[in-house]
1. Taking a probe of 1.4 Å and counting only protein heavy atoms, give the total accessible area buried between chains A and B in Å², rounded to the nearest 100.
2. At a Cα cut-off below 20 Å, give the lysines reachable from residue B:343, other chains included and same-chain residues fewer than 8 away excluded.
3. What does the structure give for B:131-137 when I average, per residue, the other chain Cβ atoms found within 10 Å of the residue Cβ?
4. Evaluate the relative contact order of the range A:10-162 (contact order divided by residue number), counting alpha-carbon pairs under 8 angstrom at least 6 apart; express in whole percent.
5. Quote the relative contact order of chain B in percent (integer), defining contacts as alpha-carbon pairs under 8 Å separated by 6+ residues.
6. Only Cα pairs within less than 10 Å get springs; with that Gaussian network setup on chain B, which residue of B:171, B:110, B:39 has the largest fluctuation?
7. Seen from all sides and averaged, what is the projected area of the convex hull of the Cα atoms in the range A:272-406, in nm²?
8. Mind checking B:277-290 for the average number of partner chain beta-carbons within 10 Å of each residue's beta-carbon?
2 protein chains.
Amino acid sequence: MRIAVFGGDGFVGWPTCLHLSNAGHEITIVDNLSRRRIDTELGVQSLTPMDSIQERLRIWKNVSGRTMRFELLDIAEEYTRVKLWLDQYRPDALIHLAQQRAAPYSMKNDRSKTYTVNNNVAATHNLLSALVELELDTHFVHLGTMGVYGYSDVGATIPEGYLDVKIPADDGTDFQRQILYPTNPNSVYHLTKCLDQLMFAFYASNDLLRITDLHQGVVWGTHTDQTRRHEQLVNRFDYDGDYGTVLNRFLIQAAVKHPLTVHGTGGQTRAFIHIQDSVRCIEIAVNNPPAHGDRPKIFNQMTETFRIRDLAKLVSDMSGVEIINLPNPRKEADENDLKVSNKQLLELGLEPVTLRVGMLEELVHVAQKYAHRIDQSKIPAQSAWTHELQSKISSVVDISTAKRKR
Amino acid sequence: MRIAVFGGDGFVGWPTCLHLSNAGHEITIVDNLSRRRIDTELGVQSLTPMDSIQERLRIWKNVSGRTMRFELLDIAEEYTRVKLWLDQYRPDALIHLAQQRAAPYSMKNDRSKTYTVNNNVAATHNLLSALVELELDTHFVHLGTMGVYGYSDVGATIPEGYLDVKIPADDGTDFQRQILYPTNPNSVYHLTKCLDQLMFAFYASNDLLRITDLHQGVVWGTHTDQTRRHEQLVNRFDYDGDYGTVLNRFLIQAAVKHPLTVHGTGGQTRAFIHIQDSVRCIEIAVNNPPAHGDRPKIFNQMTETFRIRDLAKLVSDMSGVEIINLPNPRKEADENDLKVSNKQLLELGLEPVTLRVGMLEELVHVAQKYAHRIDQSKIPAQSAWTHELQSKISSVVDISTAKRKR
């Protein structure tokens, strides 16, 4: 298959490209390298030393014999070039990962909020619009987020995208409908993925585009079968307060023997998936497109749920590092349940890597191996959801900095 | 009250500003004059001769003694200037009408689709983001559309924004929720108003902004009590295939004795409201903000529903002009029901102007009065929802042009 991977230089994008190239597909990475620019903006870098995309492609060619191409293109800003490029490349499938993907970054300030909305919406819509205008029959696979759902209602499992409801008629009876799950985003980033869903529903209906939306949980892990093949193929590992996920923060803190910082009670439940499973799911999605005229196909791309405090305990037990509680910079419930259906991917053959099994490798072979590259000042979450929360966490961040200096 | 009217130079914006200025409010119009630019782009003009915004303000000052100010500002493109301006003006309420508002224009081609999405989303989000960043307690009043709902389910009246549903729990019982009405937009324009709704829900929840969203029907009529006060205060009247509404098309065709062109069977039901009622509704909304922490308040801003063929018959009976049927450029059901609740505005005192009463004035005092300014080649709807529909209507448009030349 000829596949265009938009955002193929990012954390999920890069191992996805390797995985699909390894499986024999023709891959072109289209990326504006914005993730690297944001690293520069924030003064942070991947824990794992990361080469340029061009160098990565050279190594992959040497290791595998397979060629992947790279196209520098900003799909949000350069509509005409996107259209020209798609008209030439005419992919069978495109994978759309070209969005600003960190919730804390999206809530940092008005600059990051407006950037996230304008970039993410334009990126998605430009691709949809170009496919329609060019009359291309390309399967559109998008990485969404479990965050579109918010948390599950008490006693009801979150289905895969569509919810059965009963609606009251005027005569007092009920009738059945299946509707897009009502969204409840917790950040501007998550909001953009809700906006994406409505655009997908429209273009699938009006233009019969074939669209798959993958509502992914928190991705953890660094290595896949392909990134292991050469040190320079390593995936990025983000541990800074904006782009680092909660598990990465714990692993890094364990590696440097800093207390594991749990925000609030740690009673928030999140969905997780290993990067190896993530790339397998994307492959499964690419191989199973919906039919023309179908509504968008939605998968819940996650394999486990954990409460944050249970996750902290796992890492603490493994590393002997204690847990401390800090104020939560996010505006969210202290405790939440999350029951999620992911049966479509399991039925299509996914065999999940579990946190209990994979986390030790991550601690030893990634966090501890590269511990000398850790800048501890970058670990705390400093981006708050409101001005009020900002002032609460700012004082604590100062204390934590003071403590580290002792 | 100090009120900023974004998009105050447009069809709804201008009479809204006059109405609120007349009621004693301090009004500043903020507009990028894009509606006039699009007229130029399409080679069309308002049937009613329309002066510059500056000239209109001079006349209003002479007629009423009241001053309104004008600020040339593109709220989608100039975020920093928007923020600076809001920080200085600090309005009690803002009315957001600054969006591309024609469904046919939004479906014309990829240029108009991407413009509509990028402009409309950025316009809304920039205002929201600036209010949060500045910590302004401004009531945000937005003009949405009935088109977010699509059409009503058989036997169920469309409620005002929120729908009661029963959701099945895992144990087989149902529980009740009130959700944002599931959207079913029929064009890229309507889609953007669905995106707006999700942004409003997020900012009302995360930042406690007070937001009112007015889901308006098709607006008809030209004059309000204020536009009647001087010929140069007249509102715009669009009759071209992109911006002219169905009723305007019929009135113009009646004025020049051209057959009334009904698309498809004319079985589509639409919601309508007179411009005089529209500006009153906006005033009611401004005077009745939600509380901090409330979800967005949603009104259905419409007063009547009509099937298109019944509307055509009304105009035909009034004018003696025959009706003909043409292929529908829109992708939509041939026949649809539309039952809508609008009880909130009625309870707050709205007394509607009805089509049966007001349409004759519109025919005589607008369409026939300015009939010498009609360019008949601009009347047909030429923007189709898909490439397939485009080829169907193109042939018919040619025939109609040929007929006119005889």
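1. Values: alone 17220 and 17240 Å², together 30050 Å².
Answer for the A-B pair: about 4400 Å² buried.
2. Within the straight-line cut-off, residue B:343 pairs with B:297.
3. On the way: counts 1, 5, 6, 1, 3, 0, 0.
Neighbouring Cβ atoms belonging to other protein chains average 2 per residue here.
4. Details: 125 pairs, mean separation 35.2, N = 153.
Reported relative contact order: 23 percent.
5. In percent, rounded to a whole number, it is 19.
6. Per the Cα network of chain B with a 10 Å cutoff, B:171 tops the list.
7. Numbers: hull surface 47.0 nm².
The Cα convex hull of the range A:272-406, projected and averaged over all directions, gives 11.7 nm².
8. Details: counts 0, 0, 0, 0, 0, 0, 0, 0, 0, 0, 0, 0, 0, 0.
Other-chain Cβ atoms within 10 Å of each residue's Cβ, averaged: 0.
The values are calculated or read from the model by the stated rules, or taken from the named source; none is laboratory data. These numbers come from a predicted model, not from an experiment. Glycine gets a Cβ as well: all are built from the backbone with ideal geometry, and neighbour counts include every protein chain shown. Quick note on the areas: whole protein, heavy atoms, side chains included, nothing else; ligands and nucleic acids left out. Shrake-Rupley method; radii C 1.70, N 1.55, O 1.52, S 1.80 Å.
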